[in-house]
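Working notes, beginning with the structure itself.
The values are calculated or read from the model by the stated rules, or taken from the named source; none is laboratory data. None of the values given here were measured: they were computed from a predicted structure. Glycine gets a Cβ as well: all are built from the backbone with ideal geometry, and neighbour counts include every protein chain shown.
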Amino acid sequence: MDKIAVLSVSMLMIGGIGWFFFGKKEKDGKADKTSGDTEKLELNISGMHCAGCVAGIEATLKATDGVISASVNLATSRGVFEYDPSKISKQDIIQKIKDLGYEASEDTESFEKKS
């Protein structure tokens, strides 16, 4: 009887672990419900001082509806964002960054790194 109980619990655990690693994939805790057409936006971001600044920008934008991925590099002061243009615009993404207290621009010519 004990062997059956141990076997049953083991099978449940193996099934749970398998589902955890190989089950339905979601991006950042939310299902990927994009229209299929995504765009990539590269921005210059100034005013970042530390990894906390980077993490704050990435977390805020990843939690924003329409933003699929956000990657910010402190060393280069650049951010790359993949988004669904039917849900959010470039200007909305730039404004979100500005609302956090940083400067964001697509203009690479007049960009000045402020740190």
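Those residues that are more than 23 Å from residue 37 (Cβ to Cβ) and among the hydroxyl-bearing types (Ser, Thr, Tyr), I need them from the range 47-100; list them, please.
60, 76, 77
Return the residues of the range 1-53 that are closer than 30 Å to residue 85 by Cβ, modelled with pLDDT of 65 or more and among the polar types (S, T, N, Q); say none if nothing qualifies.
38, 44, 46
Out of the residues in the range 47-92 that are part of a loop (DSSP other than H, G, I, E, B), touching a Gly at 6+ places or on another chain (Cβ under 7 Å) and not basic (Lys, Arg), which is surrounded by the most Cβ atoms within 10 Å (Cβ to Cβ)?
The residue in question is 88.
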